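The values are calculated or read from the model by the stated rules, or taken from the named source; none is laboratory data. Being a predicted model, the structure only gives us computed values, none of them experimental. Note that each Cβ is placed from the backbone with ideal geometry, even for glycine, and that neighbours are counted across all protein chains shown.
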Amino acid sequence: MTRDNRPHSERPLAGGPRLDRRAFLRTSALAAAAAALPDRLLADPYAPISRPRGAARPVRVRGVVRSEGRGIPGIAVSDGFSVVDTAADGSFELISSADRQFVWTCTPAGYDVPLNSTGTARFYEPIPQGSGEMSVEFSLSRSARDDEYHALLLLGDIQTQDATEMGWFLEQSVPDLAATVRDLGDVPTFGIACGDIMYDHLELYPDYERGVREIGVPFYQVIGNHDLDMEGVTDEASTATFSRHFGPRYYSFDRGAVHYVVLDDVFWHGSGYLGYLDADALTWLEADLSRVEAGRPVIVATHIPAVGSVHTRLGESQPSPGVAIMNREALYRLLEPFESHILTGHTHELEHVFEGGTHENVTGAICGAWWSGPICWDGTPNGYCVYEASGEQITWRYKSTGFDDDHQMRIYPPGSDPTAPEEVVANVWNWDPEWTVRWYADGESRGRMARRPGLDPWSVELHTGDDLPPRRSWVDPRVTNHMFYAPVDPGVREVRVEATDRFGRTYSDALTLD
């Protein structure tokens, strides 16, 4: 895990030290019209922009958080704007308003994830409309197993559009995920579907929930741009179906020593979307993180990447509003005190980006290149990421659907890439800067391979042409930063590539040349 240990005064972010975070949020919480956002935010993310709040009727929420009949003190309870803590007897009182949808708890470490009958997390209760009072009780059960060591299954872009694609998810992805759960054994495990669960056809949510039940672990959900009610004319209206199934659009919970945050970064403005965190979410996030000890691991799950590297690979100076969070500096600032990871999907490729003091993992897609075949358009196999936490130490790996855990690369013979006709090519999709990639010719070590931007040759084969791929002809090969090259001398019979990740795990594969 990478952390910026420089004093705050020396870090490359505008503004004052950590004690000024509250003042910073008051002046940078952004709620301007979506059409005006991108240029203003990129020009000055700290500029004050007014954030009007409506005069919604107040709702007094009184409740208690209990386990086995006894109140639990110090549990955070929120309506998505205000956050309060339970008293010594587990009771709380929160003054909410009629424009808030839910009240929820931050499920603490050491307690089971409360569940809906579908297997998705149920840590929330709806705030009734038309009443100025609400009474609620949250019941938690002590976990039978210590969750200091736990695992997360991160699913990017399931994105099923019809019954056929849902069938592939249920018949291919779900059994693979269930097998991973079995292999983890007694490790407490949960999942996060990181947005674009659907491909606009929200009536398929019950089939996704069926898959969750079959996987057999609790699942949290992130909303994606294809999970929206697109007939809604406001951002709030666009999430009605999602919230009916899965509850709040943003929230947090603890597992072991790790604090997890789910955010909605898809801002719908009635005719399209952009990556953006609204003012209420940022205000809530500040209050939520103020309860987390500095230095702890914080994992944030969003759908649209905070920044990614699509724009740099396409030769653009900055990301477009649809593929990055336009006010990401606000998120980076709030995450400064922590060891932070941002987990995202959206772009159907796999990459690791280190920006703003965070480590962003854009995970490969369950559906690959929109269910057009076995790989994403950067050559990453259809699959998902497995995170494991032991105390504050976090490791991760990419699991390709239908393959063993050690399937971490694909090798191509010389001539596969016309820009490098005499070089062997390897796609090492989960590469990050802490990996080393070496190669051997007929058993003799030849040193490190050279990394440079390139196209995966199999993606070129499957995705190039007006009629390819057959189900998604608009998919084209995507330039990626995890291609490796090495010149091969004539007469070499076998090439072996060996890749060692940041955790010391070594993977290898061999290719026999004609």
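With respect to the numbered conditions (1) among the aliphatic types (A, V, I, L, M); (2) in contact with a Gly (Cβ under 6 Å, 6 or more places away or on another chain); (3) surrounded by fewer than 21 Cβ atoms within 10 Å (Cβ to Cβ), which one is the sole condition not fulfilled by Val187?
(2)
Need the failing condition index for Leu331 against (1) closer than 20 Å to Arg478 by Cα; (2) modelled with pLDDT of 95 or more, just the number.
The one condition Leu331 does not meet is (1).
Give me a count of the residues in segment 353-365 that are of a type outside the set (A, V, I, L, M, F, W, C) and either crowded, with 24+ Cβ neighbours inside 10 Å or under 12 Å from the mean Cα position of the chain (by Cα) (or both).
Looking only at that region, the number is 6.
Which one of Thr164, Thr160 is surrounded by 22 or more Cβ atoms within 10 Å (Cβ to Cβ) and closer than 10 Å to Trp371 by Cβ?
Answer to the selection: Thr160.
Conditions first: (1) closer than 22 Å to Cys367 by Cβ; (2) out of contact with any His (no Cβ under 7 Å at 6 or more places or on another chain). Leu513 passes all but one, so which condition is the exception?
(1)
Report, ordered by the first and then the second residue, all pairs with beta carbons closer than 6 Å, sequence separation of six or more or different chains, a first member in segment 112-130 that is farther than 18 Å from Ser82 by Cβ, and a second member that is surrounded by fewer than 20 Cβ atoms within 10 Å (Cβ to Cβ) and of a type in the set (Gly, Ala, Ser).
Matching pairs, first to second residue: Asp112/Ser141; Asp112/Ser143.
Specify which of the listed residues (His359, His348, His341) is in contact with a Ser or Thr (Cβ under 9 Å, 6 or more places away or on another chain) and under 24 Å from Gln161 (Cα atoms).
Unique residue meeting the criteria: His348.
Let me confirm something: among Leu42, Leu30, which residue is on the phi < 0 side of the Ramachandran plot, assigned to a loop (DSSP other than H, G, I, E, B) and either modelled with pLDDT of 95 or more or out of contact with any Phe, Trp or Tyr (no Cβ under 6 Å at 6 or more places or on another chain) (or both)?
Leu30
Considering each of Ser91, Ser50 in turn, give the residue that is among the hydroxyl-bearing types (Ser, Thr, Tyr) and either under 23 Å from the mean Cα position of the chain (by Cα) or at pLDDT 90 or above (or both). Give the steps one after another, and end with the answer.
Numbers: Ser50 fails: either under 23 Å from the mean Cα position of the chain (by Cα) or at pLDDT 90 or above (or both).
The match here is Ser91.
Just for segment 221-241: of the residues that are of a type outside the set (Val, Ile, Thr) and more than 16 Å from Met198 (Cβ to Cβ), which one is surrounded by the most Cβ atoms within 10 Å (Cβ to Cβ)?
Once the filter is applied, the top-ranked residue is Asp235.
Restricting to segment 121-163, give me the number of residues that are touching a Ser or Thr at 6+ places or on another chain (Cβ under 6 Å), of a type in the set (Gly, Ala, Ser) and in a loop (DSSP other than H, G, I, E, B).
0
Return the residues of segment 74-104 that are more than 18 Å from Arg291 (Cα to Cα) and part of a loop (DSSP other than H, G, I, E, B); say none if nothing qualifies.
Hits for segment 74-104 are Asp89, Ala98, Asp99, Arg100, Gln101.
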